[in-house]
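For reference, the structure is listed below as structure tokens.
The values are calculated or read from the model by the stated rules, or taken from the named source; none is laboratory data. Since we're looking at a predicted model, the values are computed, not measured. Glycine gets a Cβ as well: all are built from the backbone with ideal geometry, and neighbour counts include every protein chain shown. Ligands, DNA and RNA are excluded from the accessible area calculation, which covers all protein heavy atoms including side chains. Shrake-Rupley method; radii C 1.70, N 1.55, O 1.52, S 1.80 Å.
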Amino acid sequence: MKILGTGKALPTLSVTNDMLAQFLNTSDTWISTRTGIKERRLLSKEDLIDLSTIASEQAIQDAHLKVSDIDFIICSNVANTYVTPALSCIVQGNINATCPCIDINGACSGFIYALDIAESYLQAKKEIQNILIVCAEEPSRFTNWKERDTSVLFGDGAGAVVVTRGNNLKSINLTTSSKVDALYYQRKLEDTPYEEKNEGNGPLVMQGKDVFKLAVTSSVSDIETVMNKANVKPENIKYFVLHQANIRIIDTIRQQLNLPEEKFPHNIERYGNTSSASIPILLDEMRKDDQLKNGDLLVLSAFGAGFTTGACVIEWSENL
Ligand code: UT7
């Protein structure tokens, strides 16, 4: 497969660290130095469905395709207002598509998992030519806004790509190792006459230090694996586009790989951690800033709740 077009949509409300310090026992200094985050966009007037729809429409337009050219939609999403139907079904209606759709929940690694599914579909089903992947996340809606330890980390947003047939995915590697306690969010289900449960009503629980270490170890290993599989060296890679969770995580991974800062683009300072949307949002910004050129090799790498991880080597190709 190859990426044909990109899109993104972010909430209009920008919330600075100082704004959070007005109601949380935190400070701009703590958040900036420990995470790299300066501000994040949070849903207020819009909702996640609006963002998903806009990002999808942009990616289709950017790919120079019509909605009717889209043969399958994959939406990566952890949680939204609807448990069912899938968010992809709602987006399908909004953009007037008619193709089949499915949601996946790979947490922050969802985009890499979606790329792997898309690649497999393109190989297995000759009737499928173009796939829309939209990663849409609203982590602000499941963190505890009375606690400073998780709420300051996240932002909302949607990023999308359209992929088509091509030979640009050079290697991919996915891993999952069940570590539920490290990072989870539970929703309470309805009581039945046979079962009543009071647990499971959020908010997000995270063992920050454990997640930090898991993120660094797994990402370094994934990146080395996909470069070996693709038979490329770090000097052949133009950019390492990492999940934007914490600038210290990105820096530690970079230092362990012994690579220069300019190969690790980031926008966490403006958007916080937008879960699976972070890589497609960053790709869209880089593309629109003219940073990506035909033939550039990129490593994408993400990690998240599960614990899931995924990385790939992909060759950028402009849709000329
Ligand atoms: O997409 C994947 C999802 N999650 C992640 O990637 C997160 C991975 N983990 C991290 O990024 C970091 O572990 C955090 C940013 C969450 C925390 O950074 P840390 O350097 O591991 O800090 P810590 O948890 O060890 O906390 C240090 C201190 C504590 O105070 P004491 O015990 O030293 O007095 C915390 O209570 O900082 C305190 N603290 C805060 N202070 C001000 C925790 N959160 C805040 C806050 N503002 N927001």
Original post:
Limited to segment 19-53, what total is found for residues that are among the basic types (Lys, Arg), in contact with a Gly (Cβ under 8 Å, 6 or more places away or on another chain) and within 14 Å of the ligand (Cβ to nearest atom)?
Top reply: 1
Subject >> Candidate set: segment 200-223, residues that are in contact with a Leu (Cβ under 8 Å, 6 or more places away or on another chain) and under 21 Å from Asn258 (Cβ atoms); chosen: the one nearest to the ligand (Cβ to nearest atom) >> reply: Ser219
Subject >> Matching entry among Glu147, Glu137 (being within 16 Å of the ligand (Cβ to nearest atom), in the same structural domain as Thr16 (by TED's automatic domain parsing), open to solvent by 10 Å² or more (accessible area, probe 1.4 Å) and farther than 16 Å from Asp69 by Cα) >> reply: Glu147
Original post:
What are the residues in segment 1-18 that are within 16 Å of the ligand (Cβ to nearest atom) and assigned to a strand (DSSP E or B), if any?
Top reply: Val15, Thr16
**OP:** Spot the failing condition for Asn267; the list is (1) within 16 Å of the ligand (Cβ to nearest atom); (2) open to solvent by less than 10 Å² (accessible area, probe 1.4 Å); (3) touching a residue at least 40 places away in the same chain (Cβ under 8 Å); (4) touching a Leu at 6+ places or on another chain (Cβ under 8 Å), and only one is missed.
**Re:** (3)
**OP:** Please work out which one of (1) of a type outside the set (Ser, Thr, Tyr); (2) surrounded by 16 or more Cβ atoms within 10 Å (Cβ to Cβ); (3) more than 16 Å from the ligand (Cβ to nearest atom) is the condition Lys197 fails and give its number.
**Re:** (2)
